[in-house]
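Enquirer: Here's a structure for you.
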Amino acid sequence: MFRRLTAGAALLAAAALGLAGPASAADAPLRDLADARGIYLGTAVTGGKLTGAYADTAAAQFDSVTPGNEMKWGSVEPVRGQFSWTGADRVVDFAEAHGQRVRGHTLVWHSQLPSWVSNGTWTPDALRTVMTDHVTTEVSRYKGRIDHWDVVNEPLNEDGTLRQSVFGATLGESYIGDAFRAARAADPAAELYLNDYSTDGLGAKSDGMYALVERLLAQGVPVDGVGFQAHLILGQVPSTLEANLRRFADLGVDVAITELDIRMTLPATDAKLAQQKADYAAVTRACLAVTRCAGLTVWGFTDSDSWIPDFFPGQGAATPYDENLNPKPAYAGIAEALAPVTPPGPAGCTAAYTVQSQWGGGFTGQVTVRNTGTAPLTGWKVVWEYPAGQRVTQAWNATVTQTGTAVTAANLSYNGTVPAGGSATFGFNASWTGANPPPAVLTCT
Ligand code: 9MR
C-alpha cells in the first residue's frame, strides 16, 4: 500500500518543497508529528512490560507496535501444531486499545526457531508444508489486525547471497515466494514485507536484496514492502540510506525502517548523545524524503528494553529514552525531523488611510500597506473611491492615478516587496472643497 493519507497529508506538498519549520511542536507526541507528515512511528515492545509508565509512553508516543519476540516461531509454535498466542495477543490487544497498528514480526526466520524445525530432517516437501502451515495459521489468527507482516526475515548473507538456513538449504530461494503466497492467501489486506539488516545503505548485501526483490516481483510473488532494520552504530548512518530506500521504492514496493537503534560505547556522554540525536534525525529525514517510506520503528523505545547490551558487551544507550523513561536528545532529534512544515500561505494585504494635515482647499494623506499573510507580497495596488470630489494632485512612494472619483495607487520598484508582517507607506497631496470625508473602503491587492 502506498503511504497512507492522513489528516496531515495536505502538508506533504509543502514537505516536498523542503519547507520544514522549526521544531515548535516539540511537545506534541511523536505519533502525532509523524501522522501529520504521512508516516507511522512505531516501537518494538515487550508484551510483559506493558503496564505503568512503560505502557503509557508506548501508547502516547507511538502509533505502531511490533512485538519484540512474541510472534516469532519459537514463541507461537514451540511444538509442531501446538500454538500459544498469549504473548502475541497481549501486544495486539494493547495496540487496538490505543489506536495503534501492529507490525507482525516475524513468520519465517532462521533464528528463534524451535529446534523441531531447525534440527529436523526434512524433505523439501515436508519442510515446505510445515512452513506454509505455520504461516497460514499465524496470519489467519490475526487476520485483519496486522498492518505489516515481516513474512521472511534476514534471508541473506553479508555478501548478498541466500543464507543457508534450514529453509534456504532445503528449499533454495523458492521458500520465500511460498511463504509470501501463503501469507497473502491468509490475509489479503496485510502488507507483506521482506526484512533484513545491513541492507540500509548501498552495498553488496543491499544489492543482493535488490536483485532478490526484482526476481520475486518478476515471478509475481506478492511482496508489498522491504524492511530495513537499521541497527546502526553511532555516527555511522549510511550516507546512501535515502538513495537506497529510493531505489527499492522505484521497484514499486513500499519501504520502512523496521528496527532502528543507534548504539554507542558506554558510558554515554553529552557529545555522544548529541551525535545520536543527529543520527536519529538523519534516519527520520531519509524516510520522510522517500514518498513510499511507510514509517519508522525503533527497536525498543527505552534503554531499559534494548537488546544491545546483551549482544554487544560494553555498548548500549541505543534508544530514544533512557532507562528511567526520560527522553534523550535522540527523542528531540526525531521530533525535530518530524516537525510540521509551514505551508506557503497566501500574502495578505490591508491598507489604512489617514489624513496627516489639512488646510483650506488642500490636505496631505498617507496610506500604509500591511502584509498580513505568511508569504511576501511582491507588488501591491491600493484602490479607493473619493466620496466628496477630492482630487489627488501629487504623490510620493507610489504611482497614483485618478479617474473620476476612483484612485489607484501602485508600488514603485523599490517598495513593491513587503515581507510577511511588514508594511510600506506612501503619501500624497490632494484638494477638497466643502468636506473631506475619508473613503469608505480601500481595496489592496
Ligand atoms: O529484540 C530481540 C531480542 O529480545 C531477542 O533476544 C533477539 C534474539 O535474536 O531478537 C531481537 O530482535 C531481533 C529481531 O527479531 C530481528 N532483527 C534483529 C533483532 C535484534 O537481534
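The values are calculated or read from the model by the stated rules, or taken from the named source; none is laboratory data. Note that the coordinates shown come from a computational prediction; the quantities given were computed from them, not determined experimentally. Glycine also receives a Cβ, built like all others from the backbone with ideal geometry; neighbour counts cover every protein chain displayed. When the accessible area is computed, the model is the full protein with side chains, heavy atoms only, and any ligands, DNA or RNA have been set aside. Shrake-Rupley method; radii C 1.70, N 1.55, O 1.52, S 1.80 Å.
Enquirer: Where a ≥ b ≥ c are the square roots of the eigenvalues of the C-alpha gyration tensor, would you call the stretch 63-175 rounded, which needs a/c under 1.5, or, failing that, prolate if a/b is larger than b/c, or oblate?
Expert: On the way: a/c = 2.33, a/b = 1.63, b/c = 1.43.
It is prolate, given that a/c is not under 1.5 and a/b is the larger ratio.
Enquirer: If you restrict to DSSP beta bridges whose two residues both lie in the chain, what percentage is antiparallel, to the nearest 5?
Expert: Working: 45 of 80 bridges.
Bridges in the chain are about 55 percent antiparallel.
Enquirer: Using the alpha-carbon centroid of each, what span in Å lies between the stretch 149-197 and the stretch 64-99?
Expert: The stretch 149-197 and the stretch 64-99 have Cα centres spaced 19 Å from each other.
Enquirer: I need the phi-derived Karplus couplings for the stretch 356-373: 6.51 cos²θ - 1.76 cosθ + 1.60, θ = phi - 60°, integer Hz, Gly and Pro marked x.
Expert: Couplings: 7, 7, 8, 9, x, x, x, 7, 10, x, 9, 10, 9, 9, 10, 8, 9, x Hz.
Enquirer: Same structure again: Heavy atoms only, probe 1.4 Å: what % of the accessible area of the stretch 204-284 goes to carbon and sulfur, would you let me know?
Expert: With neighbouring chains kept in place, the figure for the stretch 204-284 is 52 percent.
Enquirer: So what's the angle, to the nearest 10 degrees on a 0 to 90 scale, between helix 124-141 and the longest Cα principal axis of the chain?
Expert: Once rounded, one gets 50 degrees.
Enquirer: Take every Cα pair under 8 Å in the chain that's 6+ residues apart, average their separations, divide by the length, and report that relative contact order as a whole percent.
Expert: Once divided by the residue count of the chain, the mean separation gives 14 percent.
Enquirer: Give me the percent of the accessible area of the stretch 49-178 that comes from carbon and sulfur atoms, probe 1.4 Å, all protein chains in place.
Expert: Numbers: 2350 of 4960 Å².
Result for the stretch 49-178: 47 percent of the exposed heavy-atom area is carbon or sulfur.
Enquirer: Any chance you could get the radius of gyration and Dmax over the Cα atoms of the stretch 130-282, in Å?
Expert: When restricted to Cα atoms, the stretch 130-282 yields Rg and Dmax of 16.8, 50 Å.
Enquirer: Tilt of helix 86-97 relative to the longest C-alpha principal axis of the chain, in degrees (0 to 90, nearest 10)?
Expert: Relative to the chain, helix 86-97 is tipped by roughly 10 degrees.
Enquirer: Another question, if that's okay. Compute, for H110, the solvent-accessible surface of its heavy atoms (probe 1.4 Å) with the complete set of protein chains present, and express it in square angstrom to the nearest 10.
Expert: H110 exposes around 60 Å² with every protein chain in place.
Enquirer: Say the dipole of the chain comes from +1 at the beta carbon of Lys and Arg and -1 at that of Asp and Glu; which of V117, G99, V45 then lies farthest toward its positive end?
Expert: G99
Enquirer: In addition: Once the Cα gyration tensor of the stretch 118-159 is diagonalised, what are the square roots of 5 times its eigenvalues, in whole Å and ordered largest first, as equivalent ellipsoid semi-axes?
Expert: One finds semi-axes of 23, 18, 7 Å for the stretch 118-159.
Enquirer: Per residue, how many Å² of accessible area does the stretch 331-432 show with a 1.4 Å probe?
Expert: The answer is 45 Å² per residue.
Enquirer: Of S206, S413, which has the most accessible area with a 1.4 Å probe, and how do the rest follow in descending order?
Expert: Largest accessible area first, the residues go S413, S206.
Enquirer: Using a 1.4 angstrom probe on heavy atoms only, work out the carbon and sulfur share of the accessible area of the stretch 296-347 in %.
Expert: Using a 1.4 Å probe with all protein chains present, the stretch 296-347 comes out at 56 percent carbon and sulfur.
Enquirer: Rounded to the nearest 500, what is the 222 nm mean residue ellipticity of the chain from helices alone, with -39500 (n - 2.57) per DSSP H run of 4+ residues and division by all residues?
Expert: -9000 deg cm²/dmol
Enquirer: Something else now. Please give me the summed charge of the neighbours of L156: other residues whose Cβ is under 11 Å from its Cβ, Lys and Arg +1, Asp and Glu -1.
Expert: Around L156, the surrounding residues sum to -4.
Enquirer: Compute and list, largest first, the equivalent-ellipsoid semi-axes of the chain from the alpha carbon gyration tensor, each √(5λ) rounded to a whole angstrom.
Expert: 63, 22, 19
Enquirer: Can you give the direction-averaged projected area of the convex hull of the alpha-carbon atoms in the stretch 57-111, in nm²? Walk me through the numbers before you get to the answer.
Expert: Working: hull surface 15.8 nm².
Computed as one quarter of the Cα hull surface, the answer is 3.9 nm².
Enquirer: Hey, which lysines would be in cross-link range of K72, C-alpha to C-alpha under 19 Å, not counting anything within fewer than 8 residues on its own chain?
Expert: K49, K143
Enquirer: Compute the FRET efficiency between K143 and A243 as 1/(1 + (r/R0)^6), taking r as their Cβ-Cβ distance and R0 = 35 Å, and round to the nearest 0.05. Before the final figure, lay out each step's value.
Expert: Numbers: r = 36 Å, r/R0 = 1.03.
So, using R0 = 35 Å, E works out to roughly 0.45.
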